[in-house]
Amino acid sequence: MPTLFEKVKIGNLELKNRVVMNPMGFSHTDPDGGFSDRQIEYYVERARGGFGLIYPTATMVTTEFEPAPMPNVLENYSQATRLSILCEKVHNYGAKVCAQLSLGLGRVSFIDPFTAPKSASAVPSFFFPELICTPYTKDEIKFLVKKFGYASLLAKNAGVDAIEIHAYGGYLIDQFLTPLWNKRTDEYGGSLENRLRILYELCDAVWENCGKDFPLIVKLTPDHQIEGGRTLEEGIELLKTLDDTGFTAFHLDLGTYECWYNAVTTVYQKEGVQLYLAEAAKKAGIKTPLLVQGKLGNPVLAEKVVSEGIAELIGLGHPALTDPYWPVKAKEGRYEDIVPCIGCNECIYTNLTNQRFACAVNPRMGMERDYNLSPAPDKLFVLVIGGGPGGITAAITAAQRGFEVELWEKSDRLGGALRAAGAPKFKEAVAKYVEYLKIQLHKSNVKIRVNKEGTAEEILKKNPYAVIIAGGAKPIIPSIPGMEKIRVMDANEMLINGDCPGNKVVVLGGGLVGCEAALHLDNLGKEVTIVEKLDELLLTANYATNNDLALKKLLSESNIRVITGAFPSYIDAGKIIVSRNGESIDIPCDTLIIAVGYQADKSLEQALEGKIDRVFTIGDNVKPAKVIDAVHQGFHTARLLEELC
């Protein structure tokens, strides 16, 4: 029976284990698109952490038609030399490197709102539908194929162990493969054989330059899950057609940008969301080894996938970001020490908003050389107020540096606002992160005191070297005439309790907290109405597009009634009267859930001002924000503690 951490040979590719770091965009390239020192150290850290095969980010073979790198480029010796440094450093840890080479994004590129992308055919651009793509000419296709072959030679000479063809997810090569986007009438369009022509030409170009025995993988999407896209049945036929082509492995993927949450999963998807693709392929008799992905960060599930023969290789994307040492910890059975991904996709959001590539729960991700911890100058006493993610992170980090640390939490449980965020069934990933934090805190040298409120008087008695305030924010409770006539609960209070009285519930506020609270209640069988003063739900949500798409899909599939552009004018027994465009609407209501926002509480900081030299406020105590803000501020405050003033 195969196991996750045994040596394995896939074609001519020999790996020390079956755990693969998937390719993910990492935009901190050198100016010419070559691999930067920062990128190299990021991949080396994952090699150090035990991954058997590491994919650097997708790499373009030319910028002739798409000037914006995505983000890396491989078309000259200088870029190849930096790739060789990456390979050498990764190889030192026994890991192998697969270069995923790409012809580009095609219709899903985002050059600017004025320049039509080039694609297989004259189809609408994804981001700017009014822009109709310019079809590649046959001469341009031949040029792309030659550049692909040359890039594969550069990659092989640089020391990569395998090449992967970037033919999935509705990107350019997949646009040639798919009738929805390929309307060509020449030899590259029409029949499946013609649509596959470019893929066959790319295979030949790689083998001509690297040798027929060089490992070649192709990443494909057997199921697009969009109207007019490839169905699973068609996808299996595609795999059957390619099964004897000579590929070392099929790397399977799901979805397109239209349903981006399937390709880049979110907190709202279940574990193993893409496994059905591999199961269908094996059932159809596909002989080519499979690399499968999609929320496989649970080591027990990953081991099961391998042992049951569902796939030969396990691809980890976000789990490789949250914890570069996932393989080492999983192999040693230290599952509780693996930092879980919470599916927030801050990695996507930061990458696409011109910020540094960042992970909410791993502040060192992408900054491996910069954010190391130095020993504390002395065993000084640090007091942390608040047991949420920011406070726990600050306490653990300070203790790791050698400070004497005590954490006070005013309630009887740790977790802060994340206790509420992780309460719904569809937010289990967040609940797992809360458990991870609690375990790590108890394993640390931090002294923990629950049911201990951090008043200024009590803090001053301890005479701490530094105080880190992470007490969270308070809910905003609007004043509505008649509120005393009905049950009223804050959304976080309801989520922590798990339920609310009555069956007819109105949620006031259609932001992220309000929508998730409403979905939780809908799952409990309540009659739920969301009342939102803005014209749409989630307009104030500051998060990744794929999370937005996934959450809106859940809302569309629910029984929740939505009233936008409205606000309660008054409350009577058993009902709420809302006003919308001058019209009054009566909504039967047993309980009103408030989710209109939160406000920072500055009172403790102000009470300590001038009495303790080092008082630092983090997370929601600064301003209501996100997990990434609390965790990163907690980490950096503790990391730089004696340098701050």
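Taking the stated definitions as given, is residue 278 aliphatic (A, V, I, L, M), modelled with pLDDT under 95 and within 23 Å of residue 234 (Cβ to Cβ)? The answer is no for residue 278. Only one of the numbered conditions (1) within 20 Å of the chain's Cα centre (by Cα); (2) buried (at least 22 other Cβ atoms within 10 Å of the Cβ); (3) assigned to a loop (DSSP other than H, G, I, E, B) is not met by residue 27, and that is (2). Going by the structure shown, is residue 450 surrounded by fewer than 21 Cβ atoms within 10 Å (Cβ to Cβ), β-branched (Val, Ile, Thr) and within 30 Å of residue 335 (Cβ to Cβ)? Considered against the rule, which asks whether it is surrounded by fewer than 21 Cβ atoms within 10 Å (Cβ to Cβ), β-branched (Val, Ile, Thr) and within 30 Å of residue 335 (Cβ to Cβ), residue 450 comes out as yes.
Tally up the residues in the stretch 474-505 that are buried (at least 19 other Cβ atoms within 10 Å of the Cβ) and acidic (Asp, Glu), please. So the count comes out to 1. The set of residues in the stretch 517-571 being farther than 26 Å from residue 345 by Cβ and among the polar types (S, T, N, Q) consists of 529, 559, 569. Quick check on the stretch 191-204. Is at least one of its residues buried (at least 24 other Cβ atoms within 10 Å of the Cβ), of a type outside the set (Phe, Trp, Tyr), modelled with pLDDT of 95 or more and at positive phi? Within the stretch 191-204, none of the residues are buried (at least 24 other Cβ atoms within 10 Å of the Cβ), of a type outside the set (Phe, Trp, Tyr), modelled with pLDDT of 95 or more and at positive phi.
Put simply, of 532, 536 the only residue that is more than 21 Å from the chain's Cα centre (by Cα), under 29 Å from residue 482 (Cβ atoms) and surrounded by fewer than 15 Cβ atoms within 10 Å (Cβ to Cβ) is 536. So if I check each of 514, 471, 510, which one is modelled with pLDDT under 95, buried (at least 23 other Cβ atoms within 10 Å of the Cβ) and not charged (D, E, K, R)? Among 514, 471, 510, only 471 is modelled with pLDDT under 95, buried (at least 23 other Cβ atoms within 10 Å of the Cβ) and not charged (D, E, K, R). Looking only at residues of the stretch 268-289 that are of a type in the set (A, V, I, L, M, F, W, C) and surrounded by fewer than 24 Cβ atoms within 10 Å (Cβ to Cβ), we find that the one that is nearest to residue 344 (Cα to Cα) is 273. Look at residue 595 and say whether it is loosely packed, with under 15 Cβ neighbours inside 10 Å, of a type in the set (A, V, I, L, M, F, W, C) and touching a residue at least 40 places away in the same chain (Cβ under 8 Å). It is false that residue 595 is loosely packed, with under 15 Cβ neighbours inside 10 Å, of a type in the set (A, V, I, L, M, F, W, C) and touching a residue at least 40 places away in the same chain (Cβ under 8 Å). Of all the listed residues (112, 139), the sole one being in the same structural domain as residue 35 (by TED's automatic domain parsing), more than 20 Å from residue 223 (Cα to Cα) and outside any loop (DSSP other than H, G, I, E, B) is 139.
Hey, does the stretch 68-78 have a residue that's over 30 Å from residue 306 (Cα atoms), surrounded by fewer than 21 Cβ atoms within 10 Å (Cβ to Cβ), assigned by TED's automatic domain parsing to the domain that holds residue 169 and small (Gly, Ala, Ser)? Scanning the stretch 68-78 turns up at least one residue that is over 30 Å from residue 306 (Cα atoms), surrounded by fewer than 21 Cβ atoms within 10 Å (Cβ to Cβ), assigned by TED's automatic domain parsing to the domain that holds residue 169 and small (Gly, Ala, Ser). Residues that are closer than 16 Å to residue 32 by Cβ, outside any loop (DSSP other than H, G, I, E, B) and in contact (Cβ under 8 Å) with a residue 60 or more places away in the chain: does the stretch 60-68 have at least one? Looking for residues that are closer than 16 Å to residue 32 by Cβ, outside any loop (DSSP other than H, G, I, E, B) and in contact (Cβ under 8 Å) with a residue 60 or more places away in the chain, one finds none in the stretch 60-68, hence no.
From the list 10, 40, the one residue that fits, being closer than 23 Å to residue 149 by Cβ, at pLDDT 95 or above and either β-branched (Val, Ile, Thr) or touching an Asp or Glu at 6+ places or on another chain (Cβ under 6 Å) (or both), is 10. Residues of the stretch 311-339 that are part of a loop (DSSP other than H, G, I, E, B), out of contact with any strand residue (DSSP E or B) (no Cβ under 7 Å at 6 or more places or on another chain) and among the aliphatic types (A, V, I, L, M): 338 alone. The single condition among (1) assigned to a helix (DSSP H, G or I); (2) closer than 19 Å to residue 258 by Cα; (3) in contact with a Leu (Cβ under 8 Å, 6 or more places away or on another chain) that residue 220 does not meet is (1).
Please determine, by comparing only the residues of the stretch 146-170 that are in contact with an Asp or Glu (Cβ under 7 Å, 6 or more places away or on another chain) and assigned to a loop (DSSP other than H, G, I, E, B), which one is farthest from residue 75 (Cα to Cα). Ranking the qualifying residues of the stretch 146-170, first place goes to 169.
Quick check on residue 150: is it more than 28 Å from the chain's Cα centre (by Cα) and in contact (Cβ under 8 Å) with a residue 24 or more places away in the chain? When the stated conditions are applied, residue 150 passes them. For the residues 172, 180, 144, the requirement of being of a type in the set (A, V, I, L, M), within 25 Å of residue 262 (Cβ to Cβ), buried (at least 21 other Cβ atoms within 10 Å of the Cβ) and assigned by TED's automatic domain parsing to the domain that holds residue 226 singles out 172. Comparison of 389, 377, 363 shows that the only residue that is surrounded by fewer than 17 Cβ atoms within 10 Å (Cβ to Cβ) and either out of contact with any Phe, Trp or Tyr (no Cβ under 6 Å at 6 or more places or on another chain) or not assigned by TED's automatic domain parsing to the domain that holds residue 267 (or both) is 377.
The set of residues in the stretch 608-625 being of a type in the set (D, E, K, R) and crowded, with 18+ Cβ neighbours inside 10 Å consists of 620 alone. Taken over the stretch 50-84, the criterion of being more than 30 Å from residue 334 (Cα to Cα), among the β-branched types (Val, Ile, Thr) and out of contact with any Ser or Thr (no Cβ under 8 Å at 6 or more places or on another chain) is satisfied by 62, 63, 81.
Within the stretch 36-55, being touching a helix residue (DSSP H, G or I) at 6+ places or on another chain (Cβ under 6 Å), part of a loop (DSSP other than H, G, I, E, B) and crowded, with 22+ Cβ neighbours inside 10 Å holds for 50, 51. Is it the case, given these coordinates, that residue 297 is buried (at least 22 other Cβ atoms within 10 Å of the Cβ), modelled with pLDDT of 95 or more and not in a helix (DSSP H, G or I)? Answer is yes for this residue.
Note on the stretch 312-370: residues that are farther than 17 Å from residue 302 by Cα, among the hydrophobic types (A, V, I, L, M, F, W, C) and more than 16 Å from the chain's Cα centre (by Cα) total 1.
The values are calculated or read from the model by the stated rules, or taken from the named source; none is laboratory data. The shown structure was predicted, so the numbers you read here are calculated from the model rather than taken from an experiment. We place every Cβ from the backbone using ideal geometry, glycine too, and count neighbours over all the protein chains shown.
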